[in-house]
Amino acid sequence: MRLLVLSLMLATGPALAQSGPTYDAKGLATCLADAGTGADAGPARHACIGRAAAQCMASPGGDTTAGMVECLDHEARDWDRLLNDRYRQVLQAAKAADAGLAGLGSAAAPAAPALQEAQRTWITFRDASCRYESLRFQGGTAGGPAAGDCVLRLTAEQALRLDAMAEGLE
Amino acid sequence: MRPLAGLALAALLAGPGLVHPGLAGDASGFDPAAIDRCLARAETQGARADCAGTGMQSCLDYARRQYTGEDAGFPMANCLDASHQAWEAKLTSLYRAMLDRSDPQEPLRRMERSWIAFRQALCDRAGERGDETARALCLRDETARQAALLMSLAAPQ
């Protein structure tokens, strides 16, 4: 599990006596804020992928299959929220631009359908990709975490693409 | 701009076919070995994807010295294309090696086909309004990202 490698480099949180692993709800937002924005921030922002989940997996209870799945799912949901937020933002801007150009009688290809098509094909790619990845572990207990890791990474990468597009609007 | 870009992989997806020879190492001044050196140092999938732009600076320096034409955008377009072709060749060989080891092959083929459709849609969007540099950059970066993904699947850490 490649995320476990990361976890070794990260300090674990306070060890509390509890059954489930501890996920830092602000971990991703803090990492992205520290990474900064702009053209050169890409690698630092991408380096946030999997970090909060790795930290969670290093907490008590995070090293079981169920704990790993829970940690990966937590971070995947954080990225999914970012993805949806940025998608709405970029789509809204595209629709506004299209309406403006249509008003001018422009023959330029509309931007909103192109964005929607990119998002639609991404969903198909994510599903096909993670199905392939989980099939590789078929029958093993690593299948659950592998699928969760795949969804997390692909969702995060798409969230960062849309995030960069949204940044370009400002 | 470059309908050839996705052809090598598309041909491979359709079954046994020809591999596009690529432009790497030609008169563009792009050195594809720089990518291999970067990949050899990279330890994570993210770090491998960050190798995407490796070799661009020396290619641009070379192109700006050698090119005497009028088109100010030529060095960038030419180097981006050479860089994209180098990654395309890398992705194609990774994909083919994985396919040879896969049984059944269909899940991997489906993944790669869906990725091609996604890259097309994403980069068409980037290139809307005729921004060919954005389109070429998108094709290069996404191809590098997919190569990084296949590399981590071929050798999980």
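The values are calculated or read from the model by the stated rules, or taken from the named source; none is laboratory data. Not measured: the values here are computed from a predicted model. Virtual Cβ from ideal backbone geometry, glycine too; neighbours counted across all protein chains shown. Surface areas here come from the heavy atoms of the whole protein model, side chains and all, with no ligands, DNA or RNA. Shrake-Rupley method; radii C 1.70, N 1.55, O 1.52, S 1.80 Å.
So is B:Glu88 open to solvent by less than 40 Å² (accessible area, probe 1.4 Å) and either facing another protein chain (nearest Cβ under 10 Å) or outside any helix (DSSP H, G or I) (or both) or not?
On the way: open to solvent by less than 40 Å² (accessible area, probe 1.4 Å): yes; either facing another protein chain (nearest Cβ under 10 Å) or outside any helix (DSSP H, G or I) (or both): no.
Spelling it out, it is not the case that B:Glu88 is open to solvent by less than 40 Å² (accessible area, probe 1.4 Å) and either facing another protein chain (nearest Cβ under 10 Å) or outside any helix (DSSP H, G or I) (or both).
Name the residues in the stretch A:145-170 that are more than 14 Å from the chain's Cα centre (by Cα) and open to solvent by 40 Å² or more (accessible area, probe 1.4 Å), would you?
Our first condition is that a residue be more than 14 Å from the chain's Cα centre (by Cα); within the stretch A:145-170, this holds for A:145-146, A:165-170.
Correct list: A:Glu167, A:Gly168, A:Leu169, A:Glu170.
Only one of B:Ala82, B:Ala52, B:Ala136, B:Ala147 is crowded, with 17+ Cβ neighbours inside 10 Å and within 10 Å of another protein chain (Cβ to nearest Cβ). Can you tell me which?
Just a single option satisfies the conditions, and that option is B:Ala52.
What tally of residues in the stretch A:98-126 results from selecting those that are of a type in the set (D, E, K, R) and facing another protein chain (nearest Cβ under 8 Å)? Quick ask: steps written out before the conclusion?
As a first pass, look at the stretch A:98-126 and keep what is of a type in the set (D, E, K, R): A:98, A:117, A:120, A:126.
Of the ones still in play, those that are also facing another protein chain (nearest Cβ under 8 Å) are A:117, A:120.
Adding up the residues that qualify gives 2.
So, in the stretch B:119-157, exactly how many residues are closer than 15 Å to B:Tyr95 by Cβ and under 15 Å from the mean Cα position of the chain (by Cα)? Please lay out each step first, then the result.
If we filter the stretch B:119-157 for residues that are closer than 15 Å to B:Tyr95 by Cβ, which is where we start, we get B:119, B:142-155.
Next cut, under 15 Å from the mean Cα position of the chain (by Cα) only: B:119, B:142-151.
Adding up the residues that qualify gives 11.
Could you list all residues from the stretch A:131-154 that are more than 9 Å from every other protein chain (Cβ to nearest Cβ) and touching a residue at least 12 places away in the same chain (Cβ under 8 Å)?
Our first condition is that a residue be more than 9 Å from every other protein chain (Cβ to nearest Cβ); within the stretch A:131-154, this holds for A:134, A:137-145, A:147-152.
If the condition is that a residue be more than 9 Å from every other protein chain (Cβ to nearest Cβ) and touching a residue at least 12 places away in the same chain (Cβ under 8 Å), then A:Ser134, A:Thr141, A:Ala142, A:Gly144, A:Pro145, A:Ala147, A:Gly148, A:Asp149, A:Cys150, A:Val151, A:Leu152 are the ones that fit.
Among the residues of the stretch A:163-170, is there at least one that is more than 9 Å from chain B (Cβ to nearest Cβ), closer than 21 Å to B:Trp115 by Cα and either touching a strand residue (DSSP E or B) at 6+ places or on another chain (Cβ under 7 Å) or in contact (Cβ under 8 Å) with a residue 40 or more places away in the chain (or both)?
Kept after step one, since they are more than 9 Å from chain B (Cβ to nearest Cβ), are these residues of the stretch A:163-170: A:163-164, A:166-170.
Adding the requirement that they be closer than 21 Å to B:Trp115 by Cα leaves A:163-164.
Next cut, either touching a strand residue (DSSP E or B) at 6+ places or on another chain (Cβ under 7 Å) or in contact (Cβ under 8 Å) with a residue 40 or more places away in the chain (or both) only: A:163-164.
So far as the stretch A:163-170 goes, yes, one or more of its residues are more than 9 Å from chain B (Cβ to nearest Cβ), closer than 21 Å to B:Trp115 by Cα and either touching a strand residue (DSSP E or B) at 6+ places or on another chain (Cβ under 7 Å) or in contact (Cβ under 8 Å) with a residue 40 or more places away in the chain (or both).
For B:Met76, all conditions in the list (1) within 14 Å of another protein chain (Cβ to nearest Cβ); (2) farther than 19 Å from A:Glu117 by Cα; (3) surrounded by 18 or more Cβ atoms within 10 Å (Cβ to Cβ) hold save one; what is the number of the exception?
(1)
Need the failing condition index for B:Asp131 against (1) facing chain A (nearest Cβ under 9 Å); (2) within 18 Å of A:Ala111 (Cβ to Cβ); (3) among the acidic types (Asp, Glu), just the number.
Of everything listed in (1) facing chain A (nearest Cβ under 9 Å); (2) within 18 Å of A:Ala111 (Cβ to Cβ); (3) among the acidic types (Asp, Glu), B:Asp131 misses just condition (1).
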